[in-house]
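The values are calculated or read from the model by the stated rules, or taken from the named source; none is laboratory data. Since we're looking at a predicted model, the values are computed, not measured. A quick note on method: Cβ atoms are made from the backbone with ideal geometry, for glycine too, and the neighbour counts reach across all protein chains shown. Keep in mind that these areas ignore ligands, DNA and RNA; they rest on the heavy atoms of the full protein, side chains included. Shrake-Rupley method; radii C 1.70, N 1.55, O 1.52, S 1.80 Å.
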Amino acid sequence: MEKLEQLYEGKAKKVYKTDRPDEFIIEYKDDATAFNGEKKGSIGGKGVINNKMTGVIFTMLEEKGIPTHFIKVLSEKEQLVKAVTIFPLEVIIRNTAAGSICKRLGLEEGLKLKSPIFEFCYKNDDFGDPVINDYHAIAMELATAEEIEVIREMTFKINDILKAYFLEKGINLVDFKIEFGKTNDGQIVLADEISPDTCRFWDVETNEKLDKDRFRRNLGHIEDLGHIEDLGHIEEAYEEMLKRVQA
Ligand code: TMP
């Protein structure tokens, strides 16, 4: 199988065509951004870690009946996936309040939610990935009502599987963002990645953050973060998460 021209470059990954029409290669990058690209940096070793972790988790999810785009890891930073067209939706589940929902609704960080919250964001950087609902998605033809039902059902199932999986590893799955795609033969599958870039992982014992919030909140040159704690040791947190997933 041959790696052909680049199809797309995102903030954290590149996608390449292959000589097979139904398969793409994804290359993970060390680049990291936050606050809709306002904060830019890089996390040493992130590409390798996120590639490996996504491989392990997508394999586990497949075994539990969730269809994904994942085929196999090819190298340190590359994986082979089924070619899909990504729905322009960021699908978020929150089990514990953190991040944007605290700002938006005045919830205290760490509040255990009575039931999981399901959110859609419209994947569009020009508008800062705004929160939308089913009606927007259907009216804007981002997905059909039937597709949304499939996506929602799969997402809650994925949450149940991931919550239990991470709890066994001493991790509270606070929230996560996933994406879905459609294969050339019309199947809806889980796509993109599941990694410390796209989830909030808190140690069950200490509540230590083992995810990208350490980068988001590494004060560096950002002035408008207010009084929140300054976090560092980003690489170590990513490595710790990979270690727990591989254990
Ligand atoms: P939020 O609290 O900033 O809305 O983030 C919710 C979850 O989604 C969190 O686990 C981080 C993840 N996320 C992404 O994967 N990509 C993004 O662009 C954003 C804003 C959040």
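Numerical summary
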read-out	value
Residues located in region 23-36, provided they are away from the ligand (no atom under 16 Å from the Cβ), outside any loop (DSSP other than H, G, I, E, B) and open to solvent by 20 Å² or more (accessible area, probe 1.4 Å)	Glu23, Phe24, Glu27
Residue match in region 51-64 (condition: assigned to a loop (DSSP other than H, G, I, E, B) and modelled with pLDDT of 95 or more)	yes
Residue selected from region 48-98 under the condition farther than 20 Å from Asp22 by Cα, surrounded by 17 or more Cβ atoms within 10 Å (Cβ to Cβ) and among the small types (Gly, Ala, Ser), by the criterion nearest to the chain's Cα centre (by Cα)	Ala98
Selected residue (only one of Ile49, Ile25 is under 30 Å from Gly128 (Cβ atoms) and touching a Lys or Arg at 6+ places or on another chain (Cβ under 6 Å))	Ile25
Residue count, region 79-121 (criterion: under 24 Å from Val150 (Cα atoms) and part of a loop (DSSP other than H, G, I, E, B))	3
Odd one out for Met1, checked against (1) in contact (Cβ under 8 Å) with a residue 12 or more places away in the chain; (2) in contact with a strand residue (DSSP E or B) (Cβ under 6 Å, 6 or more places away or on another chain); (3) not in a loop (DSSP other than H, G, I, E, B)	(3)
So Asn36, is it of a type in the set (S, T, N, Q) and out of contact with any strand residue (DSSP E or B) (no Cβ under 8 Å at 6 or more places or on another chain)	yes
Residues of region 180-195 satisfying the condition of being open to solvent by less than 10 Å² (accessible area, probe 1.4 Å) and either without any contact (Cβ under 8 Å) to a residue 40 or more places away in the chain or not in a loop (DSSP other than H, G, I, E, B) (or both)	Phe180, Gly181, Val189, Leu190, Ala191
Residues of region 1-13 classified as surrounded by fewer than 18 Cβ atoms within 10 Å (Cβ to Cβ) and either β-branched (Val, Ile, Thr) or closer than 26 Å to Asp129 by Cα (or both), total	6
Count - residues of region 37-47 that are charged (D, E, K, R), modelled with pLDDT under 95 and either open to solvent by less than 30 Å² (accessible area, probe 1.4 Å) or part of a helix (DSSP H, G or I) (or both)	1
Filter result (charged (D, E, K, R) and more than 10 Å from the ligand (Cβ to nearest atom)) within region 88-101	none
Selected residue (criterion: nearest to the ligand (Cβ to nearest atom)) from residues of region 102-130 that are closer than 18 Å to Arg152 by Cβ and free of Cβ contacts under 8 Å to residues at least 24 places away in the same chain	Leu113
Residue that is farthest from the ligand (Cβ to nearest atom), among those in region 131-142 that are out of contact with any Lys or Arg (no Cβ under 9 Å at 6 or more places or on another chain) and assigned to a loop (DSSP other than H, G, I, E, B)	Glu141
